[in-house]
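J.: Input: one structure, supplied below.
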Amino acid sequence: MSATPSEQKKHPEVVYLDNNATTRIAPEVFEAMVPFLTEHYGNPSSAYRFGKFVEGHLKEAREKVAALLGCSPKEIIFTSCGTESDNMAIWSALQTSAKRHVVTTQVEHSAIMNQTDYLERMGFGVTRLPVQPDGTLTAADVEKAIRDDTGVVSIMWANNETGVLFPVEEIAAICKSKGVLFHTDAVQTPGKLDLSGVAKSDIDLLSISGHKLHAPKGVGVLYARKRTKLIPYVIGGGQERGKRGGTENVASIIGLGRAAELAIERLSDEQTRVRAMRDLFEETLLQRLPHLFINGKRDQRLPNTSNIAFDFVEAEAILMRLDRKGICASSGSACTTGSLDPSHVLSAMGMTPARARSCVRFSFSHYTRESDVDYALEIIPPMIEELRAMSPLNPEHTDNFAYDVTAAREKEEKMMASTMASINE
Ligand code: PLP
């Protein structure tokens, strides 16, 4: 899907509807970071004032992130990304316990999925819980999976593909009653959900990533409740009170602190204006197009996420056309060397591969304008109608012959390959 430089020049205006993939850096965040990329370059571990000044600002950033979670700054460990926070949480939990079983779900981000696959290869037991067709999971499902040898339960708070929320506080309470550590990948939640009750809940470990809340890429947080034993995952100097080695990514941490403040200030905008925009987007598409399904339980989702099945059309074809119109969205499927795998999240919800391949995720943010949504709504319905009109997956095109799904898919893949080739030319 790589656009040539001349194509990129034609689309200086981007309508960015992929905020679960990453977010733009807030101008206030950038402004807060600049002095730490220029004049204040001291090492926060240095003993002289030039370093101590930076250390002071690092402390302030830690306090701001702690305020987001309603916790003590001592419970915040800065990492390099959400993936590192996830990996560290599970690794540490298993290192501090003689138990060798993990409970997780089939719909986690690859940061957890691939780590638990690895643990399984290393001889650990892993239970991956399925979800309901609406993407939900109950605390009772988790309780049943906990065994005597369970060392950690890791369940995401909000799904990155569908936005579906899991009852993590309830699950954490169950884990506490059974003496099992509970970790949640909360990477998709800051600024979208109120996290100020985290420290009062029974959650032991929680992951955040800077680039999902208008801070830069390459910075993350692991919240570790007081008295939770932690084994460093990155071993080195005594930074982060000995919990995570490596000189701090100062400017990004300062940016993350400012982003945490903005996330608190803007929570109501996300929960009202952004939610209303997302709901209007879905309602309008449902009115204008048949054979369209909104994935995930309607009232148990992040306010900014919309995952939509456009039956009889390949998501990759939709995304390529949206890209040409300057609209960024994504599919849950991995687009690797021409083979299209359906999303593991949508598959776990019991969706057929054909429908899963038709799903597109749109995700909004504080910076999404009403005009962006209007533009997308102008483009999408005729685009889907046009794609359906030529789609071999459309059962209306069987000319009264039996519908051969395999042949139709082969035809569709050939069509996709030639479209991709023409785009890459
Ligand atoms: N967990 C979830 C739910 C995510 O959506 C992501 C990023 O897409 C991650 C973890 C990984 O975060 P990072 O990109 O900071 O490693």
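Every read-out reported here was derived from the displayed coordinates using simple, explicitly stated rules and does not represent laboratory data. In this text the structure is predicted, and so the values were computed from the model without any measurement. All Cβ positions, even for glycine, are placed from backbone atoms using ideal geometry, and neighbour counts span all protein chains on display.
J.: Is there a quick way to get the dipole size of segment 154-245? I mean about its Cα centre, with the Cβ of Lys and Arg at +1 and of Asp and Glu at -1; what is the value in debye to the nearest 20? Display every interim value, and only then the final one.
T.: Details: 13 positive and 8 negative charges, 93 e Å.
Using only the charged Cβ atoms, the result is roughly 440 debye.
J.: Rank 86, 202, 299 by mean-square fluctuation in a GNM of the chain with C-alpha springs under 10 angstrom and give only the top-ranked residue.
T.: 299
J.: Treating only the Cβ of Lys, Arg, Asp and Glu as charged (+1, +1, -1, -1), what charge dipole size does segment 74-142 show about its Cα centre? Round to the nearest 20 debye.
T.: On the way: 5 positive and 8 negative charges, 61 e Å.
Dipole size: approximately 300 debye.
J.: In terms of the ratio Rg/(2.2 N^0.38 Å) built on C-alpha atoms, what value belongs to segment 245-371? Before the final figure, lay out the partial values.
T.: Details: Rg = 17.4 Å, N = 127, 2.2 N^0.38 = 13.9 Å.
Cα Rg divided by the expected 2.2 N^0.38 Å: 1.25.
J.: While we're on this one: Is there a quick way to get the dipole size of the chain? I mean about its Cα centre, with the Cβ of Lys and Arg at +1 and of Asp and Glu at -1; what is the value in debye to the nearest 20? Could you put the intermediate results ahead of the total?
T.: Values: 48 positive and 55 negative charges, 320 e Å.
Here the chain has a charge dipole of around 1540 debye.
J.: Another question, if that's okay. When you count, for each residue, the other Cβ atoms within 10 Å and take the mean per peptide, how do 214-222, 45-53 rank with the highest first? Display every interim value, and only then the final one.
T.: Working: 214-222: 24.3, 45-53: 12.6.
By packing density, highest mean first, the sequence is 214-222, 45-53.
J.: Starting with the fewest neighbours, write out 365, 371 ranked by other beta-carbon atoms found within 10 Å of each beta-carbon.
T.: Numbers: 365 23, 371 9.
So the residues, fewest neighbours to most, are 371, 365.
J.: Given the DSSP H assignment, sum -39500 (n - 2.57) over each helix run of at least 4 residues in the chain and divide by its residue total; what's the result at 222 nm in deg cm²/dmol, nearest 500? Intermediate results must be reported in sequence, preceding the final value.
T.: Values: 14 runs with 172 residues, N = 425.
It lands at -12500 deg cm²/dmol.
J.: Separate question: How high is the FRET efficiency from residue 231 to residue 38, r the C-beta distance, R0 30 Å, rounded to 0.05? Can you show the working numbers first?
T.: On the way: r = 36 Å, r/R0 = 1.21.
After rounding, the FRET efficiency stands at 0.25.
J.: Which number comes out as Rg/Rh for the chain once both Rg and the Kirkwood Rh are worked out on C-alpha atoms?
T.: On the way: Rg = 22.8 Å, Rh = 22.9 Å.
We get a ratio of 0.99 for the chain.
J.: Return 122, 33 ranked ascending by Cβ neighbour count within 10 Å, so the fewest neighbours appear first.
T.: Numbers: 122 9, 33 22.
The fewest-first ordering by Cβ neighbours comes to 122, 33.
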